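The values are calculated or read from the model by the stated rules, or taken from the named source; none is laboratory data. As the structure is a prediction and not an experimental result, all values here were calculated from the model. Cβ placement follows ideal geometry from the backbone for every residue including glycine, while neighbour counts extend to all protein chains displayed. Please note that ligands, DNA and RNA were not included when accessible areas were found on the heavy atoms of the full protein model with its side chains. Shrake-Rupley method; radii C 1.70, N 1.55, O 1.52, S 1.80 Å.
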Amino acid sequence: MIELDYTLRTVALGAAVLGLSSGSLGAFAVLRGQSLLGDAISHAALPGVALAFLLTASKAPLVLVVGAGLAGWVGTLCVSAVVERSRVPYDAALGIVLSVFFGLGMVLLTYIQSQPDASQAGLDTFLFGQAAALVGRDVVTMAVLGAVALVAMLVFWKEFKLLLFDPDFAASQGLPVRALDVGLTTLLVIAIVIGLQTVGVVLMSALIVAPAAAARQWTDRLWGVVALAGLFGALSGASGALLSATGARVPTGPTIVLVATFVVGVSLLLAPRRGLVAAWARGIRNRRVLRVAGTLEDLYTLALAHEDVHYPHPAATLQTMTARPEAVGPTLDRLQRQGLVEPRDDAWALTARGLAEARRLARTRADEHDPARLGAEATGRRRQPGEPDR
Amino acid sequence: MSPRRPAIDVADLTVAYRDEPVLWDVDLRVPEGVLMAIVGPNGAGKTTLIKSILGLLPMAAGRVEVLGAPLADRRRDVAYVPQRGSVDWDFPTSVLDVVLMGTYGRLGWIRRPGAEERARASEALEQVGMADFADRQIAQLSGGQQQRVFLARALVQDAAVYLMDEPFQGVDATTERAIVTLLQRLREEGKTVLVVHHDLQTVPEYFDWVLLLNVRRIAAGPVDEVFTDANLRAAYGGRVPFQAGGPSAADPARLGPVAEGAPLRAS
């Protein structure tokens, strides 16, 4: 194993802390359908960083983080104000706030950099992030903020869960949904400002959305999604920061985001039930089952034309009855393994079990085509208004 | 049946959406122990009325009292079944968890549902015939099963007044019968149940009271008194999809829910 020097350890630890908090708190935002709110908040934080520096002439992480947090918060207030006081839709309001605040931040940043004072150097790392600049006290600040946010999340877990799932029902029980909403947004702001210096305002929202999107693939429980998102976030943060700090001079934010995106890609493909590979395998299995049933029925149809229902027919005859003739051979092999057909005189015949199965299939099919069976009683389902009379 | 305080007392209720009145000067007194249908055409304000009684919408004017007191003092006495389509059923949670949400109001802040709450939630699931589904992810449920889960969640609230928004929406015949039985049992226990309903055909069979609504209150009272052709015409503006009395009421061609060519979503 590679011996990590102090700087690298600090960097990896800091990135893991930010990934943990942004991943787990981001899960709440994603499940609420507010994935893009994180993007607006992180962009809106930039002018806050610049103003905090202009007002205090300090680059202490806590000062800049407070500035970023306040600006991000004002950004969310602006989004709410635009949505409530105009007919501008939510996504457009996000776009407006994001670009206006980011533009303001860029203007302030350019102004600061034009000043002769040498102490301004380094503020531009807030754009794309720089983990290499992380020192011990940064990590402590991040860890304390993250711990506060995570504890708040756990304390109000059931209230937040109800707010996420069914806000009207929460309000009907007397929960102050407005205050909870503000609280949840505040936690999101905290999660974002923790990562700003390392990941940068431009890409921070990816660390809010990606771990949660990946985690949702693997579990069907809220605590599972939150815990896994935290884990994915921490892993992406640490490995991305290490890659960027040790390898070529690539910026940290993009590297972390690429790692997180890789985790999302793997999850989308390989997750057991929701994954694309699993869906693809299900499709193949279903088609195979249909082909097996279809060939068995074809053989039964042919046999019905003879005195002997076990009369053998060549595969070529069956091939003329299907849209995929090349699949008939393997399908017959499968039927033979199941003991439903047997080869006889270079042709195929139904076995006794095959005949029973074919009759069962034919009966099921007849039921499906019998209009009398489609009534409400038979299907246990009342026809809906507007639904065609089949 | 001595004179009692009304379970629900709505006076002069007006609710507007962008200057457009959705409910206009509605008065409604519902006595305790009544099973009442709220009917009216699409956009009549049925959902708005329920949400206003629950304090979920800002009122332009009016007053709502539940069991003789302002709603704020009666939260624990009111249970709510929202429209099934109002939540994301792909939300990562289990059936039991959703039912447990009905205990949150009583639990208060921070306290987690414990063994007692779990037992009550299981019991409620049993009552709606969903005991075997407790650990299921909610996305795996059919529409009727989702509706039963919402009903179970309202049952654990153990309230005196139940407000239900289209509990029969998109459920199968078996579930519909099960729900009706449940509603009638609640009434027999002395609870008051208000149900937004679409199938005029079944109003006299299922309910003992009815409110006909179309932005304004058209009529409200016992079904055999106010569920008349004249009132239905007033509520549905001449295009009555059903006749309350007369020989054609038994016409089998009229069977089936109200079809207006529009989706059955109240505003």
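Below are the figures for this structure:
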| quantity | calculated |
| --- | --- |
| Rel. contact order, % - alpha carbon contacts under 8 angstrom, at least six apart, segment A:278-371 | 30 percent |
| Relative contact order, percent, chain A [alpha-carbon distance under 8 Å, six or more residues apart] | 21 percent |
| R0 of 25 Å, Cβ-Cβ distance A:A227-A:V151: FRET efficiency to nearest 0.05 | 0.95 |
| Long-range amide H partners of A:A349 with built H, under 5 Å | A:H313, A:E342, A:R344 |
| Pairwise centroid distance, computed over Cα atoms, of segment B:121-151 with segment A:120-177, Å | 34 Å |
| 15 Å Cα-Cα reach of B:K191 towards aspartates and glutamates, excluding residues that sit fewer than 8 places from it in its own chain | B:E32, B:D77, B:D158, B:D208 |
| Residue-count net charge about A:R324 - beta-carbon cut-off 13 Å; Lys, Arg +1, Asp, Glu -1 | +1 |
| Among A:V11, A:V250, A:V225, residue whose mean-square fluctuation peaks in a GNM of chain A (springs only between Cα atoms under 10 Å) | A:V250 |
| Cα-based reach from A:K158 at 25 Å (exclusive), listing lysines while leaving out same-chain residues under 8 positions away | B:K51 |
| Heavy-atom accessible area order for B:K46, A:K59, largest first, 1.4 Å probe | A:K59, B:K46 |
| Percentage relative contact order, chain B, counting C-alpha pairs under 8 Å, at least six apart | 25 percent |
| In Hz, Karplus ³J(HN,Hα) per residue of segment B:192-197 (6.51, -1.76, 1.60; θ = phi - 60°; x = Gly, Pro) | 9, 10, 10, 10, 6, 9 |
| On Cα atoms only, tilt of A:252-270 relative to the major axis of chain A in degrees | 20 degrees |
| Cα long-axis angle, helix B:115-127 against chain B (0 to 90 degrees, to the nearest 10) | 40 degrees |
| Net charge dipole size for segment A:278-371 [Lys, Arg +1 and Asp, Glu -1 on Cβ; Debye, nearest 20] | 600 debye |
| Radius 10 Å from Cβ of B:V210, net charge of other residues (Lys, Arg +1; Asp, Glu -1) | -3 |
| Exposure rank, largest accessible area first [A:F128, A:F232; 1.4 Å] | A:F128, A:F232 |
| Chains B and A together, accessible area buried on both sides, 1.4 angstrom probe, square angstrom | 3400 Å² |
| Max mean-square fluctuation residue, GNM over chain A, Cα-Cα springs under 10 Å, options A:I256, A:I96, A:I194 | A:I96 |
| Cα long-axis angle, helix A:177-199 against chain A (0 to 90 degrees, to the nearest 10) | 80 degrees |
| Where B:Y236, A:Y6 fall by accessible area, highest first, once all protein chains stay in place (1.4 Å) | A:Y6, B:Y236 |
| Using a Förster distance of 41 Å, the FRET efficiency for A:L304-A:R337 (Cβ separation, nearest 0.05) | 0.95 |
